[in-house]
Amino acid sequence: IITPWNYPLLMAVWKVAPALAAGCTAVLKPSELASVTCLELGDVCKEVGLPSGVLNIVTGLGNEAGAPLSSHPDVDKVAFTGSYATGQKIMVAAAPTVKPVTLELGGKSPIVVFDDVDIDKAVEWTLFGCFWTNGQICSATSRLLIHKNIAKEFVDRMVAWSKNIKVSDPLEEGCRLGPVVSEGQYEKIKKFVANAKTEGATILTGGVRPKHLEKGFFIEPTIITDINTSMEIWREEVFGPV
């Protein structure tokens, strides 16, 4: 069982619990960016009397821990949640032993807005769908299709609302967006925004570090328009507040 960093406990329990309930032992390999949560889960299982060896937790980088698990002949099945690229690697690693593989990979979820909506409510839920957990969720509504009759008004309200979202330390009162998970993710998001601009898109707001935050991997909530379906920003999962 190989789990991601964005919902470390939830994703682990979703996969571990059914395996144990079915009478299987399990090896859990959490993301190297969120391993402590799963180690705590292991301690809880030990405290409640789960026999030694039933749930095993292996930490480490993907190439050091995830890849050997995927290819090991004594592992009967692999369940993975994460990126498309890593999912491909797991399928290749599992192929020689012809073990079953379950993959829950990235997404590029659209939200469609018709012209009979309550615009304020629709704007609120559109932004919630995209910026919830900083867009670091595979079901983030990162593509928006709006009826042309309300498109300008809708986008204008989105931009105004986005500029009022408080980006700060998550422990600060009133925070609505904190930092993204890592420097690597921060740079990846900035590259997506830069590529969109190079390809001819318009950055209406965001895409940069907030001026009041000199440290940390913070990115302002970002809205991009003038996009066509051939652009990278339309096709690829950003996993950020874009």
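The values are calculated or read from the model by the stated rules, or taken from the named source; none is laboratory data. In this text the structure is predicted, and so the values were computed from the model without any measurement. Positions of Cβ are backbone-derived with ideal geometry, glycine not excepted, and every protein chain shown enters the neighbour counts.
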- Item | Only listed residue being within 20 Å of Gln88 (Cα to Cα) and polar (S, T, N, Q), chosen from Ser52, Ser70 | Ser70
- Message: Residues that are closer than 29 Å to Val180 by Cβ, touching a residue at least 24 places away in the same chain (Cβ under 8 Å) and either crowded, with 20+ Cβ neighbours inside 10 Å or not assigned by TED's automatic domain parsing to the domain that holds Ser139 (or both): does the stretch 43-56 have at least one?
- Response: no
- Within the stretch 205-217, can you find the residues that are surrounded by 14 or more Cβ atoms within 10 Å (Cβ to Cβ) and more than 11 Å from Val242 (Cα to Cα)? Arg209, Pro210, Leu213, Gly216, Phe217
- Of everything in the stretch 157-204 that's in contact with a Pro (Cβ under 6 Å, 6 or more places away or on another chain) and among the small types (Gly, Ala, Ser), which residue is surrounded by the most Cβ atoms within 10 Å (Cβ to Cβ)? Ser162
- Can you list the helices (runs of 4 or more DSSP H) found entirely within the stretch 131-242 that contain at least 2 residues being in the same structural domain as Val117 (by TED's automatic domain parsing), more than 18 Å from the chain's Cα centre (by Cα) and touching a residue at least 24 places away in the same chain (Cβ under 8 Å)? 151-163, 183-198
- Subset of the stretch 198-211, residues farther than 22 Å from Arg157 by Cα and modelled with pLDDT of 95 or more, comes to Thr198, Glu199, Gly200
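Which strands (runs of 3 or more DSSP E) sit wholly inside the stretch 1-119 and have at least 3 residues that are under 30 Å from Leu145 (Cα atoms) and among the β-branched types (Val, Ile, Thr)?
By residue number, 110-113.
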